[in-house]
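Notes for the one structure printed next.
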Amino acid sequence: MRKLSIAIAVTGVAVALAACSSSTPSSKSSPATGASRSTTQAAGAGIDAAAFVAQATAATDKAQTVKIKESMSLLGIPITASGVAKLGDQTADADVTSDTPIGPVQVIIVDGDVYTKGLIRGNPSKPWTKNAGEAKEIASALRQADPRLALKMFSDVGTLKQVGTETVNGVSATHYSVTVELAKVAAQHPELADILKVLIQNGVKTQNVQLWVDSQQRPVRISMSAQLTNPVKPGAKINSTQSVDFTDWGAPVTIQAPPADQVAN
């Protein structure tokens with residue numbers, strides 16, 4: 001059970017954009033807390049995905065910083081996470097805290113190093129660990145919180161279906177629905193192949209993702225729901241829901257490594 005709790009904690013800390021973390025497609029949008037439908041007159045319309053991704057990636061690069069808030073349910077356990085990210089040319093620094101079954105877990109990524117607090121219990125005066133334990137898995141999962149990586153998944157789908165215009169966290173946003181072919185994404189984007197390999201090997205072919213963007217084409221919400229293999233009961237399935245909000249694009253953020261005297265060797 002301890003191992004399972006840690007696995008759930010890592011999942012919560014991930015703040016995953018989730019297109020990479022489910023095992024069966026869903027054609028329905030997850031409940032969107034804080035979103036209200038203002039019009040659906042554009043429902044069913046489609047736009048060129050490649051052009052959309054190019055514009056959205058450029059807008060994300062320009063903003064450079066963003067606040068992140070996630071809510072999810074796994075094994076019937078609600079998990080929330082929040083933090084900030086700073087996007088570099090190829091990498092992203094992040095500071096994210098998650099409420100998990102084993103307590104609060106904080107993760108800081110700076111210049112590729114992963115610092116965790118709450119996953120490993122040790123010396124109270126040195127609560128942080130560096131590049132230890134599940135650091136590799138966390139770093140890989142948190143990399144999915146870089147919106148630019150998620151956007152790559154949409155670039156080859158041909159057309160994004162426009163659902164309508166809604167208000168998300170006080171921002172007018174256009175809602176899109178897209179189904180991605182996981183094998184095609186893995187083949188065309190090697191940086192995503194390892195993340196998708198396990199799903200593909202288990203027979204997962206497609207994933208439906210709900211995406212909301214603001215007037216500048218920056219993501220403001222990505223959500224999904226899925227059925228996952230139950231790690232406690234082999235052969236059984238469990239429902240998982242996940243929603244990630246992005247706010248305060250471009251606002252100043254500070255992400256620093258923990259003090260060296262608080263980091264265990």
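A few points about this structure:
- 16 Å reach of a label modelled at ARG148, 7 Å along Cα-to-Cβ, counting backbone N of the range 239-265: 250
- Using 0.36 nm per residue and subtracting the Cα-Cα separation, the extra length available between SER125 and THR91 on full extension is 9.2 nm.
- Rounded to the nearest 10 Å², the accessible area of MET224 at probe 1.4 Å: 10 Å²
- Cross-link pairs LYS62/LYS184; LYS67/LYS152; LYS161/LYS205; LYS69/LYS161; LYS152/LYS205 - those with Cα-Cα distance over 22 Å: LYS62/LYS184; LYS69/LYS161
- Listed residues ALA54, ASN123, SER82: farthest to the positive end of the dipole of the range 45-129 (Cβ charges): ASN123
The values are calculated or read from the model by the stated rules, or taken from the named source; none is laboratory data. Remember, predicted model here, so these are calculated numbers, not experimental data. Neighbour counts run over all protein chains shown; Cβ positions are idealised from the backbone, glycine included. We work out accessible area using only protein heavy atoms, side chains counted, and drop any ligands, DNA or RNA first. Shrake-Rupley method; radii C 1.70, N 1.55, O 1.52, S 1.80 Å.
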